[in-house]
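A short worksheet on the structure shown next.
The values are calculated or read from the model by the stated rules, or taken from the named source; none is laboratory data. Since this is a predicted model, take the numbers as computed values, not measurements. Cβ atoms come from the backbone with ideal geometry, glycine included; neighbour counts cover every protein chain shown. When the accessible area is computed, the model is the full protein with side chains, heavy atoms only, and any ligands, DNA or RNA have been set aside. Shrake-Rupley method; radii C 1.70, N 1.55, O 1.52, S 1.80 Å.
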Amino acid sequence: MPRLLIKKYHRTVLLSLLIISGLTYWFCLPSSLFKASYSTVVTSREGDLLAAHIADDGQWRFPQADSVPYRFEQSLLLFEDEYFYSHPGFNPVSMARALWQNIRSGEIISGGSTITMQVMRLSQGRNRSVWSKLIETLQSTRLELKYSKKEILEIYASHAPFGGNVVGIDAAAWRYFGRPAHQLSWSESALLAVLPNAPSLIHPGKNRDRLLAKRNRLLQKLLAKNSIDSTEYWLSCEEPLPEKPLPLPQLAPHLLTRFMNEAPNQKHATTLDLYLQTRTTQTVSNFHSIYRYNQIHNMAALIVDNTTGEVLSYVGNTPAYEGFHGNDVDVITAPRSTGSILKPFLYAAALQDGVILPEMLLVDIPTYYTDFSPKNYTRRFDGAVPAHTALSRSLNVPAVRLLDDYGTEKFCDLLKKINLTTINRPASHYGLSLILGGAEASLWDLTGAYASMARILTTYTNNSSQYNTQSFKPPRLSTSPSHLEENFTYQQPALSASSIYFTFEALTNVQRPAEETGWENFSSGRKIAWKTGTSFGYRDAWAIGVTPEYTVAVWVGNASGEGRPGIIGGSAAAPVLFELFRSLPPTSWFETPYDELKKALICRESGFLAAPDCPHPDTSYLPALEVQSPVCPYHQLVHLSSDKKYRVNGDCYPVDEMVHQPWLVLPPVMAWYYKSKNPSYKPLPPFKPGCLQSDQSAMAIIYPKSGAELFIPVDLDGQAGRIVCKATHRHSSEHLFWHLNDEFIGETIHLHQIEIFPAKGRHLLTITDEAGNQVKRWFRCLGRGDSDI
């Protein structure tokens, strides 16, 4: 029994030792082979290097590549491990030969290590010794079980030292030859293959002959193996060695910084196009070299493929010339005052909801609100202007009044739906100034919104009048497939195809003020929907252009927020926009979304739906709306004398001699401004003598607004100024008689405005015309103070 127990014990011990040995062997590899930090690398869609940042430990170590270039692989295997694909991780013949060479020389001159063993030595960082060699041999066999030969070769190529602070074949190719590893010649590949064995040989000015000899010996071995022919061999031997390391490309420095903040120590394969990125960078630099003399130091540009949403070029700022002007700031992601760049979204939303029609006259007259009074860029008014013209001319007053009609809260909700992420406060925070730059948005979000509008329209016309359920998406930078499935629906997104189509059509006829010069010198013959914006104080200039294929967006200004007279959308940003479009292939134009349109009769003069009194209705295509758009309120049927010189009525003129004629009758204030821009506009004829009747609508008070609370302005000399009251009459030659608190203060003709100096308190302004028609306006004077009258 004791003998049996002893045998059983021995078997148990032996089995335990085998299990422990097996487990030790199985888990002999570290959980992570390399714990070193990596460089943050940005590449183009073609795989070209755009920018890179050195790793945290000061090494140029690119993240592991997914392949090893053929020439480098052949050179490496012939130099380091010719039997790599046949041994189990170690080569007994090589190790025996190395042992014999070391004994004969009396020192270690050869290690006999395979590439697999070198991977383990690089991973663990052990000193060379017999014990270390045994451990590496054991671990190498385990490594061969865990990884394929191809993967082991990729690990080695990405972590082998190539001299100085250069680690890995990819970093070495760019640092020594200025191009990717797969484009290296046989001579260059052979040179890099011999470097990990003696990386110090690459030091400039030293060991050049030794390095050259090692490279040429390897080339000779490649010739002997028929990897290269004799011509390739002789040409390769003639290639010179590289001199000092080259600087790495920095074509997308701000995108690199963005990735370093979001996902550092990785290789980012982006959607950027190398050619467009280079052209955009050069274009921004060229314009910056001009603008900087006007103390305009910063600029950003973005180009997006509308079909895929992929970013084709990303230039976050200008290069630094002298001094610091915030050139390191990535303006693409920085929120900036929007200026007028949001107006197309309001126009499209108002079209979609039936608030306006493309030709509808919008009011453009002096307008006063409690907190501000909007002004057009030219400081002039048109009285009334078609909606599409108001957008193409970027008129502020019609835009503010339209936002008031549409609803600020509703518009804020729309901006959130189209992914303008920085407009995230309550509507009351922005007020009506939202449409004039009272909010901040980033070039990134705006470009995504404009590109999404283009994608919605093309998707609708190309997919049987259906929409993608993921309509509004931010631009894409990654080449990895999108995880969002493309599902189609007939349900309209935040903005419909028809409203977008009419918006883009209006934006093809952009009319800029005479002060905004320069853009016309760069505009191209292609059809582009484009919009500019200028923030208050000339701090931000925007320009965004759209075709079915591309969206190009530009911002110009100072990162510090300093305003300059030249920071204007039309003259600073638009020239850059059109120059960038010249870098793009030919483009097309959007198809008309007929399935979402309907025919309707439109009043030719007012642009509203035609009323019975509209004399010249036109048939036009309009968005098919669930709600009815407004009918023309301006045409009236007037009764004229037989010579059409006077208005008459049945009390003073024979009915059978009357001429009944439709007449466009605008409210007095609108008419006063409108007729100065439209000579064809005819005011109503006067009433025939003896046919007088009350016509209070013939005149109106422009200023002050009803119930206004006013401060008396203070002049530059400190003296109290006066308040200028303004009125208009359908007949400018009419005499108007002005009274303040029932006290006569003056008479006007043609130009109806008068200065008053009221005391503090409540006042009544009364104006009477020659026919006895009268208008009144209550207002309150709060005393002396600053005023923007």
Please state the equivalent ellipsoid semi-axes for segment 740-785: what are the square roots of 5 times the Cα gyration tensor eigenvalues, largest first, in whole Å? 22, 12, 8
Using all C-alpha to C-alpha distances in segment 571-665, build P(r) with 10 Å bins and read off the rounded percent in each one. 14, 23, 19, 20, 13, 7, 4, 0
Using a simple spin-label model with points 7 Å from Cα along the Cα→Cβ vector, what separation in nm is obtained for Tyr83 and Glu486? 5.4
Once the other residues with Cβ under 13 Å from the Cβ of Thr503 are scored (Lys, Arg +1; Asp, Glu -1), what is the net sum? +1
Among trypsin sites (Lys or Arg not before Pro) in segment 136-220, those in a DSSP loop whose Cβ has at most 13 other Cβ atoms within 10 Å are Lys206
Please give me, ordered by residue number, the trypsin sites (Lys or Arg not before Pro) of segment 668-772 that lie in loop per DSSP and have at most 15 other Cβ atoms within 10 Å. Arg722, Lys760
For each pair in Lys375/Lys726; Lys343/Lys677; Lys705/Lys776; Lys343/Lys417; Lys343/Lys410; Lys705/Lys726, compute the distance between the two Cα atoms and list the pairs where it is over 18 Å. Lys343/Lys677
Label zone at Arg425, where the point sits 7 Å out along the Cα-to-Cβ direction: segment 440-476 residues whose backbone N lies under 16 Å: 440-442
Under the Karplus curve 6.51 cos²θ - 1.76 cosθ + 1.60, θ = phi - 60°, whole-Hz ³J(HN,Hα) for segment 227-237, x wherever Gly or Pro sits: 6, 10, 8, 5, 5, 4, 5, 5, 5, 5, 5
Quick one: which residues, 5+ away or cross-chain, put their amide H under 5 Å from the amide H of Glu310? H built at 1.01 Å from N. Asp305, Arg476
So the carbon and sulfur contribution to the accessible area of segment 230-367, 1.4 Å probe, in percent, is 57
Net charge (Lys, Arg +1; Asp, Glu -1) of residues whose beta-carbon lies under 10 Å from that of Thr367, Thr367 excluded, is +1
Could you tell me the extents of segment 334-410's C-alpha atoms along the three principal axes, largest first, rounded to whole Å? 34, 27, 24
Considering only Tyr538, Tyr653, Pro585, whose Cα is most displaced toward the positive end of the charge dipole of the chain, charges sitting on Cβ of Lys, Arg (+1) and Asp, Glu (-1)? Pro585
How far is it, in nm, from the label point at Asp404 to the one at Ala320 when both lie 7 Å from their Cα along the line to the Cβ? 4.8
Would you work out which of Leu219, Ser732, Ala771 lies farthest towards the positive end of the dipole of the chain? Charges go on Cβ: Lys and Arg +1, Asp and Glu -1. Leu219
Using only the alpha-carbon atoms, what does segment 521-631 span along each of its principal axes? Please give whole angstrom values in decreasing order. 56, 36, 27
Cα-centred dipole magnitude for the chain, charges only on beta-carbon of K, R (+1) and D, E (-1), debye, nearest 20: 3400
State the three equivalent ellipsoid semi-axes of segment 142-296, derived from the C-alpha gyration tensor as the square roots of 5 times its eigenvalues, in descending order and whole Å. 36, 22, 16
With contacts defined as alpha carbon pairs under 8 Å and 6 or more residues apart, what's the relative contact order of the chain in percent? 9
For the chain, count all C-alpha to C-alpha pairs, find those more than 47 Å apart, and express that count as a whole percent of the total. 46
Distance (nanometres) between label positions extended 7 Å along Cα→Cβ at Thr231 and Ser285: 3.7
For the chain, what is the accessible area per residue in Å² when the probe is 1.4 Å? 47
Listed residue (Thr378, Ser67, Leu443) projecting farthest to the positive dipole end of the chain, Cβ model: Ser67
Contact order relative to length of segment 145-262, as percent, for alpha carbon pairs under 8 angstrom and 6 or more apart: 24
When the scattering of segment 337-475 is computed by the Debye formula from its Cα atoms alone, each counted once and equally, what is log10 I(q)/I(0) at q = 0.09, 0.16, 0.21 Å⁻¹? -0.28, -0.85, -1.33
Give me the Kirkwood hydrodynamic radius of segment 425-495 in Å, from all C-alpha pairs, to one decimal place? 14.3
Residue-wise HN-Hα coupling along segment 215-224, computed from phi with Karplus coefficients 6.51, -1.76, 1.60 (Hz; x: Gly, Pro): 4, 5, 5, 5, 4, 5, 5, 5, 5, 5
Area projected by the alpha carbon convex hull of segment 620-760, averaged over all directions, nm²: 14.6
Taking the square root of 5λ for each eigenvalue of the C-alpha gyration tensor of segment 235-306, the equivalent ellipsoid has semi-axes, largest first and in whole angstrom, of 30, 21, 14
Which whole-number value in Å³ per residue fits the convex hull of the alpha carbons of segment 586-626? 97
With every atom except the alpha carbons ignored, what do you get for Rg and Dmax of segment 246-365, in angstroms? 19.0, 63
Rounded to two decimals, what ratio of Rg to Rh does segment 379-445 give with C-alpha atoms and a Kirkwood Rh? 1.00
Using 1/(1 + (r/R0)^6) with R0 = 25 angstrom and r between the beta carbons of Gln183 and Ile54, what's the FRET efficiency to the nearest 0.05? 0.65
Over segment 129-193, what is the mean sequence separation of C-alpha contacts under 8 Å (at least six apart), divided by residue count, expressed as relative contact order in percent? 16
From the convex hull of the Cα coordinates of segment 617-666, what is the mean projected area in square nanometres? 5.5
Just to make sure I understand: if all protein chains stay in place, what is the order of His268, His739, His429 by accessible area at 1.4 Å, largest first? His429, His739, His268
For segment 646-657, what does the Karplus curve 6.51 cos²θ - 1.76 cosθ + 1.60, with θ = phi - 60°, yield as ³J(HN,Hα) per residue in whole Hz, taken in order and with x for Gly and Pro? 9, 8, 9, 9, x, 7, 10, 8, x, 5, 6, 9
Rounded to the nearest 500, what is the 222 nm mean residue ellipticity of the chain from helices alone, with -39500 (n - 2.57) per DSSP H run of 4+ residues and division by all residues? -10000 deg cm²/dmol
